[in-house]
1. Assess whether Tyr179 counts as being touching a strand residue (DSSP E or B) at 6+ places or on another chain (Cβ under 9 Å), assigned to a helix (DSSP H, G or I), at pLDDT 95 or above and on the phi < 0 side of the Ramachandran plot.
2. Of all the residues that make up the range 192-226, how many are more than 20 Å from Thr115 (Cα to Cα), open to solvent by 70 Å² or more (accessible area, probe 1.4 Å) and within 20 Å of the chain's Cα centre (by Cα)?
3. Restrict the check to the range 146-160 and report whether at least one residue is among the aromatic types (Phe, Trp, Tyr), within 24 Å of Gln104 (Cα to Cα) and open to solvent by less than 40 Å² (accessible area, probe 1.4 Å).
4. Counting only residues that are under 14 Å from Ile84 (Cβ atoms) and either open to solvent by less than 100 Å² (accessible area, probe 1.4 Å) or touching a residue at least 40 places away in the same chain (Cβ under 8 Å) (or both), how many does the range 18-44 have?
5. So the check is Cβ under 7 Å with 6+ separation or different chains; which pairs have a first residue in the range 122-142 that's crowded, with 18+ Cβ neighbours inside 10 Å and a second one that's part of a loop (DSSP other than H, G, I, E, B)?
6. If Tyr68 meets every condition in (1) surrounded by fewer than 19 Cβ atoms within 10 Å (Cβ to Cβ); (2) out of contact with any helix residue (DSSP H, G or I) (no Cβ under 6 Å at 6 or more places or on another chain); (3) in contact (Cβ under 8 Å) with a residue 24 or more places away in the chain; (4) not in a helix (DSSP H, G or I) apart from one, which number is that one?
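The values are calculated or read from the model by the stated rules, or taken from the named source; none is laboratory data. Since the structure is predicted, the reported quantities are computational estimates derived from the model, not experimental observations. Here the Cβ positions follow ideal geometry from the backbone for every residue, glycine too, while neighbour counts run over all protein chains shown. Ligands, DNA and RNA are stripped out before the accessible areas are found, and what is left, the full protein with its side chains, is counted by its heavy atoms. Shrake-Rupley method; radii C 1.70, N 1.55, O 1.52, S 1.80 Å.
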Amino acid sequence: MKNDIIAVDVSLDFIRHVDRLLERSKLEIFEWFLKPTFTCRVKTYIYKDKSSLRVGLKRRLNKEYPSYMVACMVDEDENNHRSINLYEAPVECEDSYNRKEYNQVVFHELVHYITDLLYGKLPEWLTEGIAVYLDGSYKNSLLDILDKLKTYQIPSVADMKDDMFVLEDDSGNKLYDGYELSYLMIRYVLETLGKDYLFVLMKNKDQIELVEQATLSDAIEYFNCQYLEENTIKSRNL
């Protein structure tokens with residue numbers, strides 16, 4: 001194996017699948033971060049199913065994880081040890097991820113792993129924004145996100161983390177979704193200021209705090225303008 005994979009009651013076929021996926025994905029992610037010669041062995045725990053994943057994490061890290069969690073990257077300790085934690089996704093599944101769909105989840109967690117490896121701990125909007133930008137989750141959803149902004153409360157970015165990263169009201173309606181807002185912020189920075197600016201920002205945590213709220217506001221304004229342009233073009237083509 002090219003990576004440090006620890007698995008119990010997991011098929012050898014899936015272990016090999018994850019190892020190959022990590023190797024392919026590392027090349028793509030390091031290339032995006034302009035580190036094409038960089039390499040690493042990824043510490044990866046694989047559990048037999050979703051329930052075992054939560055139980056295993058609780059046992060190892062003494063922390064409760066939500067029932068909807070299907071994978072995670074965790075900081076193991078204060079010595080910068082980190083790991084990706086997965087379960088064996090079935091080849092076919094109707095009510096959750098099948099193996100092909102789960103590949104995107106593995107890629108997402110690897111983005112977190114590499115971001116943490118290169119830059120250390122960063123605000124959640126930055127790490128999640130980069131991960132969903134690179135994994136393609138919202139590649140075709142920009143207009144849907146902008147429609148939701150009409151109902152969202154614009155949060156304080158400094159508070160948009162942990163249990164406040166996605167906020168719902170008592171009826172379960174989203175007041176805002178940190179993943180979507182973070183995607184807008186990262187995409188805005190890349191389209192208007194460029195990747196070099198993003199990398200410099202990621203090295204300066206004090207500067208991040210100074211610009212993050214303005215970045216959200218500017219991103220919303222920027223994409224609202226793009227959205228109006230796109231609607232105008234569509235109406236002309238009808």
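1. Numbers: touching a strand residue (DSSP E or B) at 6+ places or on another chain (Cβ under 9 Å): yes; assigned to a helix (DSSP H, G or I): yes; at pLDDT 95 or above: yes; on the phi < 0 side of the Ramachandran plot: yes.
Yes; evaluated as a whole, the condition is true for this residue.
2. 1
3. Here is the first cut: in the range 146-160, the ones among the aromatic types (Phe, Trp, Tyr) are 152.
Subset that is within 24 Å of Gln104 (Cα to Cα): none.
Checked the range 146-160: no residue is among the aromatic types (Phe, Trp, Tyr), within 24 Å of Gln104 (Cα to Cα) and open to solvent by less than 40 Å² (accessible area, probe 1.4 Å).
4. Kept after step one, since they are under 14 Å from Ile84 (Cβ atoms), are these residues of the range 18-44: 18-19, 21-23, 25-26, 29, 40-44.
Still in the running and either open to solvent by less than 100 Å² (accessible area, probe 1.4 Å) or touching a residue at least 40 places away in the same chain (Cβ under 8 Å) (or both): 18-19, 21-23, 25-26, 29, 40, 42-44.
Number of matching residues: 12.
5. As it stands, the answer is Pro123/Lys161; Trp125/Met160; Val132/Tyr138, since those pairs meet every condition given.
6. That leaves (3) as the condition not met.
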